[in-house]
1. Of all residues being in contact (Cβ under 8 Å) with a residue 24 or more places away in the chain and polar (S, T, N, Q) in the range 266-310, which is nearest to Gly91 (Cα to Cα)? Just the residue, please.
2. What do you reckon, is Ser43 in contact with a helix residue (DSSP H, G or I) (Cβ under 8 Å, 6 or more places away or on another chain), under 23 Å from Ala118 (Cα atoms) and not assigned by TED's automatic domain parsing to the domain that holds Met217?
3. Quick check on the range 296-304. Is at least one of its residues in a helix (DSSP H, G or I) and under 26 Å from Pro85 (Cβ atoms)?
4. Condition first: of a type outside the set (A, V, I, L, M, F, W, C) and within 14 Å of Pro209 (Cβ to Cβ). Now tell me which residues in the range 234-266 satisfy that.
5. Quick check, is Tyr166 among the aromatic types (Phe, Trp, Tyr), in the same structural domain as Ile35 (by TED's automatic domain parsing) and in contact with a strand residue (DSSP E or B) (Cβ under 6 Å, 6 or more places away or on another chain)?
6. Which is assigned by TED's automatic domain parsing to the domain that holds Glu52 and either over 16 Å from Asn110 (Cα atoms) or touching a residue at least 24 places away in the same chain (Cβ under 8 Å) (or both), of Met217, Met138?
7. For the range 27-52, what are the residues that are out of contact with any strand residue (DSSP E or B) (no Cβ under 6 Å at 6 or more places or on another chain) and either away from ligand 1 (no atom under 11 Å from the Cβ) or aromatic (Phe, Trp, Tyr) (or both)?
8. If the requirement is being among the acidic types (Asp, Glu), away from ligand 1 (no atom under 15 Å from the Cβ), closer than 24 Å to Pro231 by Cα and assigned by TED's automatic domain parsing to the domain that holds Pro173, which of these qualifies: Glu76, Glu93?
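The values are calculated or read from the model by the stated rules, or taken from the named source; none is laboratory data. Please read these numbers as outputs of a predicted model, since none were measured by experiment. Cβ sites come from the backbone with ideal geometry, for glycine too, and all protein chains shown count toward neighbours.
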Amino acid sequence: MVIKKDCSKGQAVSLLKQVTEKEQKKLKSGFVTLIGRPNSGKSTLLNNLLGEKVSIVSNKPQTTRNKILGICTRKEGQIVFIDTPGIHKPGYELNRRMMQAVHDSLEDVNLILVLVDATTRFGNGDRFVLDLIKEREMDIILLLNKIDLLNKVKLLPLIDFYSKQYDFIDIIPISGLKGDNCSLLLKRIFNNIPDGNYFFSESQYTDCPERFLTAEMVREKVLHYTRKEIPYSSIVTVNRFEEDKDPVVHIYCDIFVEKESQKKILIGANGKKIKTIGIDSRIEIEKLLGKKIYLNLFVRVKPKWRNDPKLLDQLLSPYR
Ligand SMILES: Nc1nc2c(ncn2[C@@H]2O[C@H](COP(=O)(O)OP(=O)(O)OP(=O)(O)O)[C@@H](O)[C@H]2O)c(=O)[nH]1
Ligand SMILES: [Mg+2]
(Lines give C-alpha, C1' and ligand atoms only; values in the text may rest on other atoms or scores of the structure.)
(Ligands and ions follow the chains in the order given, each with its own letter.)
Protein backbone atom coordinates (compact mmCIF):
# COMPACT_ATOMS: atom_id res chain seq x y z
CA MET A 1 0.00 0.00 0.00
CA VAL A 2 1.28 3.47 -0.85
CA ILE A 3 0.13 6.50 1.11
CA LYS A 4 0.44 9.72 -0.91
CA LYS A 5 3.34 11.76 0.42
CA ASP A 6 1.45 15.05 0.41
CA CYS A 7 -1.65 13.96 2.36
CA SER A 8 -2.26 15.03 5.97
CA LYS A 9 -1.92 12.62 8.92
CA GLY A 10 -5.73 12.50 9.27
CA GLN A 11 -6.18 11.67 5.58
CA ALA A 12 -3.49 9.01 5.83
CA VAL A 13 -5.21 7.33 8.80
CA SER A 14 -8.54 7.31 6.99
CA LEU A 15 -6.91 5.91 3.81
CA LEU A 16 -5.19 3.23 5.87
CA LYS A 17 -8.53 2.30 7.46
CA GLN A 18 -10.18 1.97 4.05
CA VAL A 19 -7.39 -0.26 2.78
CA THR A 20 -7.53 -2.43 5.92
CA GLU A 21 -11.28 -2.84 5.53
CA LYS A 22 -10.75 -3.84 1.91
CA GLU A 23 -8.14 -6.38 2.95
CA GLN A 24 -10.50 -7.76 5.57
CA LYS A 25 -13.06 -8.44 2.87
CA LYS A 26 -10.50 -10.62 1.14
CA LEU A 27 -10.42 -13.29 3.84
CA LYS A 28 -9.65 -16.82 2.75
CA SER A 29 -11.48 -19.84 4.04
CA GLY A 30 -11.67 -23.48 3.16
CA PHE A 31 -11.83 -27.11 4.18
CA VAL A 32 -8.58 -29.07 4.17
CA THR A 33 -8.35 -32.81 4.77
CA LEU A 34 -5.33 -34.53 6.30
CA ILE A 35 -4.84 -38.08 5.08
CA GLY A 36 -2.05 -40.65 5.21
CA ARG A 37 -0.98 -43.98 6.61
CA PRO A 38 -1.46 -44.72 10.30
CA ASN A 39 1.27 -43.12 12.44
CA SER A 40 2.35 -40.69 9.71
CA GLY A 41 1.70 -37.83 12.15
CA LYS A 42 -1.61 -36.29 11.02
CA SER A 43 -3.01 -35.66 14.49
CA THR A 44 0.31 -34.34 15.83
CA LEU A 45 0.46 -31.85 12.98
CA LEU A 46 -3.13 -30.75 13.48
CA ASN A 47 -2.57 -30.11 17.20
CA ASN A 48 0.59 -28.16 16.43
CA LEU A 49 -1.11 -25.97 13.81
CA LEU A 50 -3.98 -25.20 16.18
CA GLY A 51 -1.89 -24.83 19.33
CA GLU A 52 -4.60 -26.90 21.01
CA LYS A 53 -5.03 -30.61 21.55
CA VAL A 54 -8.08 -31.72 19.58
CA SER A 55 -6.89 -35.06 18.31
CA ILE A 56 -5.24 -37.73 20.41
CA VAL A 57 -1.80 -39.03 19.51
CA SER A 58 0.04 -42.28 20.14
CA ASN A 59 2.90 -44.31 18.78
CA LYS A 60 0.45 -47.12 17.95
CA PRO A 61 -1.18 -47.19 14.51
CA GLN A 62 -4.94 -46.57 14.08
CA THR A 63 -5.19 -44.07 16.92
CA THR A 64 -7.68 -41.73 15.25
CA ARG A 65 -11.04 -43.40 14.60
CA ASN A 66 -13.24 -40.48 13.52
CA LYS A 67 -13.16 -37.41 11.37
CA ILE A 68 -12.00 -34.68 13.74
CA LEU A 69 -12.52 -31.04 12.86
CA GLY A 70 -9.80 -28.55 13.80
CA ILE A 71 -10.40 -24.87 13.11
CA CYS A 72 -7.39 -22.63 12.53
CA THR A 73 -8.16 -18.90 12.45
CA ARG A 74 -5.51 -16.41 11.40
CA LYS A 75 -5.57 -12.86 10.09
CA GLU A 76 -5.54 -14.33 6.54
CA GLY A 77 -8.74 -16.29 7.16
CA GLN A 78 -9.90 -19.64 8.44
CA ILE A 79 -8.75 -23.15 7.60
CA VAL A 80 -11.04 -25.95 8.71
CA PHE A 81 -8.86 -29.04 8.95
CA ILE A 82 -10.27 -32.54 8.95
CA ASP A 83 -8.08 -35.10 10.70
CA THR A 84 -8.83 -38.66 9.60
CA PRO A 85 -8.03 -42.25 10.56
CA GLY A 86 -4.85 -43.67 9.03
CA ILE A 87 -5.46 -45.47 5.75
CA HIS A 88 -5.29 -49.25 6.16
CA LYS A 89 -6.99 -52.42 4.95
CA PRO A 90 -10.07 -52.93 7.12
CA GLY A 91 -10.39 -56.16 9.07
CA TYR A 92 -13.39 -55.38 11.27
CA GLU A 93 -16.57 -53.34 10.82
CA LEU A 94 -14.89 -50.69 13.01
CA ASN A 95 -12.05 -50.38 10.50
CA ARG A 96 -14.45 -50.35 7.57
CA ARG A 97 -16.18 -47.36 9.16
CA MET A 98 -12.84 -45.69 9.79
CA MET A 99 -12.01 -46.03 6.10
CA GLN A 100 -15.45 -44.72 5.17
CA ALA A 101 -14.60 -41.65 7.27
CA VAL A 102 -11.48 -41.14 5.16
CA HIS A 103 -13.45 -41.39 1.91
CA ASP A 104 -16.12 -39.01 3.23
CA SER A 105 -13.44 -36.52 4.23
CA LEU A 106 -12.31 -36.25 0.61
CA GLU A 107 -15.71 -35.00 -0.56
CA ASP A 108 -16.30 -31.28 -0.90
CA VAL A 109 -12.95 -30.12 0.42
CA ASN A 110 -10.80 -27.42 -1.14
CA LEU A 111 -7.46 -29.06 -0.56
CA ILE A 112 -5.94 -32.37 0.54
CA LEU A 113 -2.76 -32.74 2.56
CA VAL A 114 -1.16 -36.16 2.23
CA LEU A 115 1.25 -36.96 5.03
CA VAL A 116 4.11 -39.37 4.57
CA ASP A 117 6.46 -40.51 7.31
CA ALA A 118 9.73 -39.60 5.59
CA THR A 119 11.72 -41.88 7.89
CA THR A 120 10.07 -45.10 6.73
CA ARG A 121 10.70 -46.93 3.48
CA PHE A 122 8.12 -46.58 0.70
CA GLY A 123 5.95 -49.71 0.80
CA ASN A 124 2.60 -51.22 -0.16
CA GLY A 125 0.77 -49.01 2.33
CA ASP A 126 2.17 -45.88 0.67
CA ARG A 127 1.24 -47.21 -2.77
CA PHE A 128 -2.30 -47.79 -1.49
CA VAL A 129 -2.53 -44.13 -0.38
CA LEU A 130 -1.23 -42.87 -3.72
CA ASP A 131 -3.71 -45.07 -5.60
CA LEU A 132 -6.53 -43.61 -3.54
CA ILE A 133 -5.65 -40.03 -4.42
CA LYS A 134 -4.88 -40.81 -8.05
CA GLU A 135 -8.56 -41.67 -8.49
CA ARG A 136 -9.37 -38.01 -7.82
CA GLU A 137 -8.37 -34.89 -9.64
CA MET A 138 -7.85 -32.63 -6.68
CA ASP A 139 -5.37 -30.09 -5.37
CA ILE A 140 -3.00 -32.02 -3.17
CA ILE A 141 0.03 -30.96 -1.15
CA LEU A 142 2.40 -33.73 -0.12
CA LEU A 143 4.00 -33.36 3.30
CA LEU A 144 7.19 -35.26 4.05
CA ASN A 145 6.84 -35.46 7.81
CA LYS A 146 9.22 -36.20 10.69
CA ILE A 147 12.18 -34.46 9.07
CA ASP A 148 13.53 -33.79 12.55
CA LEU A 149 14.54 -37.48 12.50
CA LEU A 150 15.80 -37.53 8.92
CA ASN A 151 19.30 -37.27 7.58
CA LYS A 152 18.89 -34.25 5.28
CA VAL A 153 20.77 -35.87 2.38
CA LYS A 154 17.81 -38.24 2.02
CA LEU A 155 15.36 -35.40 1.41
CA LEU A 156 16.12 -34.47 -2.21
CA PRO A 157 15.84 -38.04 -3.58
CA LEU A 158 12.54 -38.40 -1.68
CA ILE A 159 11.15 -35.18 -3.16
CA ASP A 160 12.29 -36.33 -6.58
CA PHE A 161 10.60 -39.71 -6.13
CA TYR A 162 7.25 -38.28 -4.97
CA SER A 163 7.18 -35.59 -7.65
CA LYS A 164 7.07 -38.43 -10.22
CA GLN A 165 4.12 -40.16 -8.52
CA TYR A 166 1.50 -37.42 -8.79
CA ASP A 167 1.20 -33.82 -9.92
CA PHE A 168 1.26 -32.39 -6.38
CA ILE A 169 0.82 -28.64 -6.21
CA ASP A 170 3.57 -28.63 -3.62
CA ILE A 171 5.88 -30.98 -1.72
CA ILE A 172 6.90 -29.63 1.68
CA PRO A 173 9.23 -31.28 4.20
CA ILE A 174 7.91 -30.64 7.71
CA SER A 175 8.08 -31.71 11.30
CA GLY A 176 4.61 -31.66 12.76
CA LEU A 177 6.09 -32.39 16.16
CA LYS A 178 8.76 -29.68 16.23
CA GLY A 179 6.93 -27.23 13.98
CA ASP A 180 9.55 -27.06 11.20
CA ASN A 181 8.02 -25.43 8.09
CA CYS A 182 4.56 -25.24 9.67
CA SER A 183 4.27 -21.46 9.03
CA LEU A 184 5.28 -22.05 5.43
CA LEU A 185 2.64 -24.76 5.19
CA LEU A 186 -0.09 -22.41 6.46
CA LYS A 187 0.98 -19.82 3.91
CA ARG A 188 0.75 -22.36 1.08
CA ILE A 189 -2.65 -23.50 2.29
CA PHE A 190 -4.01 -19.94 2.33
CA ASN A 191 -2.66 -19.53 -1.22
CA ASN A 192 -4.71 -22.51 -2.33
CA ILE A 193 -8.11 -21.96 -0.74
CA PRO A 194 -10.80 -19.59 -2.00
CA ASP A 195 -11.80 -16.14 -0.78
CA GLY A 196 -14.50 -16.41 1.82
CA ASN A 197 -15.63 -15.55 5.30
CA TYR A 198 -15.20 -17.57 8.48
CA PHE A 199 -17.30 -20.72 8.83
CA PHE A 200 -16.93 -20.74 12.61
CA SER A 201 -16.41 -18.11 15.27
CA GLU A 202 -12.81 -16.96 15.77
CA SER A 203 -12.50 -18.51 19.22
CA GLN A 204 -13.77 -21.97 18.24
CA TYR A 205 -11.10 -24.57 17.48
CA THR A 206 -13.21 -27.69 17.04
CA ASP A 207 -16.82 -28.76 16.70
CA CYS A 208 -16.27 -31.94 18.76
CA PRO A 209 -18.32 -31.92 21.96
CA GLU A 210 -16.46 -31.87 25.30
CA ARG A 211 -17.82 -35.31 26.15
CA PHE A 212 -16.22 -36.81 23.05
CA LEU A 213 -12.88 -35.09 23.66
CA THR A 214 -12.98 -36.28 27.28
CA ALA A 215 -13.49 -39.89 26.18
CA GLU A 216 -10.67 -39.52 23.67
CA MET A 217 -8.24 -38.25 26.34
CA VAL A 218 -8.97 -41.39 28.37
CA ARG A 219 -8.51 -43.56 25.27
CA GLU A 220 -5.15 -41.91 24.63
CA LYS A 221 -3.96 -43.01 28.06
CA VAL A 222 -5.34 -46.53 27.51
CA LEU A 223 -3.30 -46.66 24.29
CA HIS A 224 -0.25 -45.39 26.10
CA TYR A 225 -0.36 -47.94 28.93
CA THR A 226 -1.42 -51.07 27.03
CA ARG A 227 0.02 -53.31 24.32
CA LYS A 228 -0.87 -55.96 21.75
CA GLU A 229 -4.63 -56.32 21.18
CA ILE A 230 -5.86 -54.10 24.04
CA PRO A 231 -5.38 -50.70 22.32
CA TYR A 232 -7.46 -51.92 19.38
CA SER A 233 -10.08 -53.70 21.51
CA SER A 234 -10.78 -50.67 23.71
CA ILE A 235 -13.34 -47.94 23.30
CA VAL A 236 -14.27 -45.25 25.80
CA THR A 237 -17.59 -43.53 26.36
CA VAL A 238 -18.68 -40.90 28.83
CA ASN A 239 -21.54 -42.29 30.84
CA ARG A 240 -22.26 -39.23 33.01
CA PHE A 241 -20.89 -35.70 32.78
CA GLU A 242 -22.16 -33.77 35.78
CA GLU A 243 -21.49 -30.04 35.72
CA ASP A 244 -23.93 -29.19 38.49
CA LYS A 245 -21.44 -30.20 41.21
CA ASP A 246 -19.56 -26.90 40.77
CA PRO A 247 -16.62 -26.22 41.10
CA VAL A 248 -15.70 -29.86 40.33
CA VAL A 249 -17.08 -31.60 37.23
CA HIS A 250 -17.93 -35.23 37.95
CA ILE A 251 -17.21 -37.50 35.00
CA TYR A 252 -18.00 -41.22 34.78
CA CYS A 253 -16.44 -43.10 31.84
CA ASP A 254 -16.86 -46.65 30.63
CA ILE A 255 -13.93 -48.37 28.97
CA PHE A 256 -15.16 -51.31 26.92
CA VAL A 257 -12.88 -54.20 26.01
CA GLU A 258 -13.76 -57.45 24.24
CA LYS A 259 -12.61 -60.11 26.71
CA GLU A 260 -12.46 -60.73 30.47
CA SER A 261 -8.70 -61.34 30.15
CA GLN A 262 -8.28 -57.84 28.64
CA LYS A 263 -10.33 -56.33 31.46
CA LYS A 264 -8.03 -57.97 33.99
CA ILE A 265 -4.92 -56.57 32.31
CA LEU A 266 -6.41 -53.09 32.01
CA ILE A 267 -7.31 -52.97 35.68
CA GLY A 268 -3.92 -54.38 36.66
CA ALA A 269 -2.79 -55.89 39.95
CA ASN A 270 -4.62 -54.14 42.81
CA GLY A 271 -6.13 -51.74 40.26
CA LYS A 272 -2.73 -50.13 39.70
CA LYS A 273 -2.92 -49.75 35.92
CA ILE A 274 -6.40 -48.26 35.76
CA LYS A 275 -5.43 -45.88 38.56
CA THR A 276 -2.43 -44.63 36.54
CA ILE A 277 -4.64 -44.24 33.45
CA GLY A 278 -7.08 -42.24 35.58
CA ILE A 279 -4.40 -39.92 37.00
CA ASP A 280 -2.95 -39.13 33.57
CA SER A 281 -6.39 -38.71 32.00
CA ARG A 282 -7.48 -36.33 34.72
CA ILE A 283 -4.54 -33.99 34.03
CA GLU A 284 -5.45 -33.83 30.31
CA ILE A 285 -9.17 -33.40 30.88
CA GLU A 286 -8.66 -30.62 33.42
CA LYS A 287 -6.50 -28.83 30.82
CA LEU A 288 -9.25 -29.31 28.25
CA LEU A 289 -12.12 -28.12 30.42
CA GLY A 290 -10.19 -25.54 32.43
CA LYS A 291 -11.86 -26.97 35.53
CA LYS A 292 -11.11 -29.45 38.29
CA ILE A 293 -12.69 -32.84 37.71
CA TYR A 294 -13.54 -35.98 39.59
CA LEU A 295 -12.99 -38.92 37.22
CA ASN A 296 -14.39 -42.41 37.62
CA LEU A 297 -13.30 -45.11 35.15
CA PHE A 298 -15.22 -48.35 34.87
CA VAL A 299 -13.95 -51.25 32.74
CA ARG A 300 -16.64 -53.37 31.08
CA VAL A 301 -16.63 -56.27 28.62
CA LYS A 302 -18.59 -56.10 25.37
CA PRO A 303 -17.61 -59.12 23.29
CA LYS A 304 -16.92 -58.43 19.60
CA TRP A 305 -18.03 -54.77 19.72
CA ARG A 306 -15.69 -54.05 16.79
CA ASN A 307 -17.90 -56.09 14.49
CA ASP A 308 -21.28 -55.06 15.86
CA PRO A 309 -22.93 -52.40 13.63
CA LYS A 310 -25.57 -51.45 16.22
CA LEU A 311 -23.03 -51.03 19.01
CA LEU A 312 -20.74 -49.09 16.70
CA ASP A 313 -23.60 -46.70 15.88
CA GLN A 314 -23.82 -46.03 19.60
CA LEU A 315 -20.17 -46.03 20.56
CA LEU A 316 -18.28 -44.55 17.64
CA SER A 317 -19.93 -41.25 16.77
CA PRO A 318 -18.03 -38.17 17.98
CA TYR A 319 -21.37 -36.46 18.53
CA ARG A 320 -22.76 -39.13 20.85
N1 LIG B 1 9.94 -37.24 15.61
C2 LIG B 1 8.71 -36.99 15.18
N3 LIG B 1 7.70 -37.76 15.57
C4 LIG B 1 6.46 -37.47 15.13
C5 LIG B 1 6.21 -36.38 14.24
N6 LIG B 1 4.88 -36.37 13.98
C7 LIG B 1 4.34 -37.37 14.68
N8 LIG B 1 5.28 -38.04 15.37
C9 LIG B 1 5.08 -39.22 16.22
O10 LIG B 1 4.49 -40.25 15.43
C11 LIG B 1 3.56 -41.02 16.19
C12 LIG B 1 2.21 -41.03 15.50
O13 LIG B 1 1.67 -39.71 15.51
P14 LIG B 1 0.12 -39.44 15.28
O15 LIG B 1 -0.03 -37.97 15.19
O16 LIG B 1 -0.70 -40.16 16.29
O17 LIG B 1 -0.06 -40.11 13.86
P18 LIG B 1 -1.42 -40.26 13.00
O19 LIG B 1 -1.04 -40.14 11.58
O20 LIG B 1 -2.45 -39.31 13.50
O21 LIG B 1 -1.81 -41.75 13.33
P22 LIG B 1 -3.27 -42.49 13.20
O23 LIG B 1 -4.27 -41.67 13.97
O24 LIG B 1 -3.04 -43.81 13.80
O25 LIG B 1 -3.59 -42.56 11.74
C26 LIG B 1 3.54 -40.38 17.59
O27 LIG B 1 4.41 -41.11 18.42
C28 LIG B 1 4.07 -38.97 17.35
O29 LIG B 1 4.72 -38.41 18.48
C30 LIG B 1 7.33 -35.59 13.83
O31 LIG B 1 7.24 -34.62 13.07
N32 LIG B 1 8.56 -35.95 14.33
MG1 LIG C 1 -4.34 -39.61 14.26
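1. Ranking the qualifying residues of the range 266-310, first place goes to Asn307.
2. no
3. No: the range 296-304 contains no residue that is in a helix (DSSP H, G or I) and under 26 Å from Pro85 (Cβ atoms).
4. Hits for the range 234-266 are Thr237, Glu243.
5. Considered against the rule, which asks whether it is among the aromatic types (Phe, Trp, Tyr), in the same structural domain as Ile35 (by TED's automatic domain parsing) and in contact with a strand residue (DSSP E or B) (Cβ under 6 Å, 6 or more places away or on another chain), Tyr166 comes out as no.
6. The match here is Met138.
7. Scanning the range 27-52 gives Gly30, Gly51, Glu52.
8. Just one listed residue meets the conditions, Glu93.
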